[in-house]
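For reference, the structure is listed below as structure tokens.
Every number here is computed from the coordinates shown, using simple stated rules; none is lab data. Treat the numbers as computed from the prediction; the structure is a model and nothing was measured.
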Amino acid sequence: MALIFQYDSLQELFTMGGHGPYVWASYSITLVGIAYLAIVPVLAKRKFMKIQRSILRR
């Protein structure tokens, strides 16, 4: 089974027949959202642990 490429060049991949800006923007927004959902809980836990340590020192 031979691979059939959808686009002939890298430029066509980025433009996607005029739909490229919308597609890449949606990918970017999704990636930022997933990164936010992954990073915020870690930062909140660090802040919580810092507060708890300061309470225990008192």
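Computed extension gain for Ser28 through Gln52, at 0.36 nm per residue and net of the alpha carbon distance, reaches 5.0 nm. You can think of it this way: the chain between Phe5 and Lys45 has 9.9 nm of extra reach, that is 0.36 nm per residue less the Cα-Cα gap.
The angle between the Cα long axis of helix 20-57 and the main principal axis of the chain comes to about 10°, on a 0 to 90 degree scale. Once you've got the GNM for the chain with C-alpha springs shorter than 10 Å, pick whichever of Ala44, Ala25, Ala35 has the biggest mean-square fluctuation. Result for the chain, Cα springs under 10 Å: Ala44 fluctuates most.
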